[in-house]
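Undergrad: Once you've had a glance at the structure underneath, I'll fire off some questions.
All of the numbers you see were taken from the coordinates with simple rules; none came from a lab. Since we're looking at a predicted model, the values are computed, not measured. Here the Cβ positions follow ideal geometry from the backbone for every residue, glycine too, while neighbour counts run over all protein chains shown.
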């Protein structure tokens, strides 16, 4: 079984009730709106680009003797929401900072995947870093240019 951590990538609908924070932040910054962070923004997640998930799935299909095992699929690095906004600001070349609202009850403060088992038994490795994944996501969902 593969357990995915905070997967993101092109064509995620920021308006969906299941939308993750990355498409919501990108959409807000593109509209010229400040992205909303619930809490102080120091909560962290292990974000992973969808190509990493595809790679893990392909490796799990052919790995010998792993039936019934659980593997975490992520990058193995924590990123705070404040840092995420800063990365998006740089890529989009906008200076608009976040608005902080009251923390939401029940939110997990930190999330970090241990990917050692996937690396050792599946031969998994992170193909696309968070920064590169953000750039690819933004590029692939860029509004069309008029010539």
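Undergrad: Using alpha carbons only, how many degrees (0 to 90, rounded to 10) separate the axis of helix 50-62 from the longest principal axis of the chain?
TA: Between the helix axis and the principal axis of the chain, the angle is about 10 degrees.
Undergrad: Then there's this: How would you rank 126-135, 90-99, 44-53, highest first, on the average number of other Cβ atoms within 10 Å across their residues? Write down the numbers at each step before the final one.
TA: Working: 126-135: 18.1, 90-99: 13.6, 44-53: 21.9.
In descending order of packing, they fall as 44-53, 126-135, 90-99.
Undergrad: A further question on this structure: Normalise the Cα radius of gyration of the chain by 2.2 N^0.38 Å (N = residues in it) and let me know the number.
TA: 1.12
Undergrad: What percent antiparallel are the DSSP beta bridges of region 2-140, to the nearest 5? Write down the numbers at each step before the final one.
TA: Numbers: 2 of 11 bridges.
Of all bridge pairs located within region 2-140, approximately 20 percent are antiparallel.
Undergrad: Under the definition of Cα pairs under 8 Å and six or more residues apart, what whole-number percent is the relative contact order of the chain?
TA: Working: 228 pairs, mean separation 51.4, N = 147.
Reported relative contact order: 35 percent.
Undergrad: Under the classification rounded if a/c is under 1.5, otherwise prolate if a/b is larger than b/c and oblate if not, where does region 1-55 fall, given a ≥ b ≥ c as square roots of the Cα gyration tensor eigenvalues?
TA: Working: a/c = 2.35, a/b = 1.48, b/c = 1.59.
Taking the square roots of the gyration eigenvalues as a ≥ b ≥ c, region 1-55 is oblate.
Undergrad: Now, a different point. Determine, for each peptide in 23-29, 104-110, the mean count of other beta carbons within 10 angstrom over its residues, then list the peptides with the highest first. Show your work: numbers first, answer last.
TA: Working: 23-29: 20.3, 104-110: 8.0.
Going by the mean number of other Cβ atoms within 10 Å, highest first, we get 23-29, 104-110.
Undergrad: Would you order 87, 69, 1 from fewest to most other beta-carbon atoms within 10 Å of each residue's own beta-carbon?
TA: Listing 87, 69, 1 from fewest to most nearby Cβ atoms yields 1, 69, 87.
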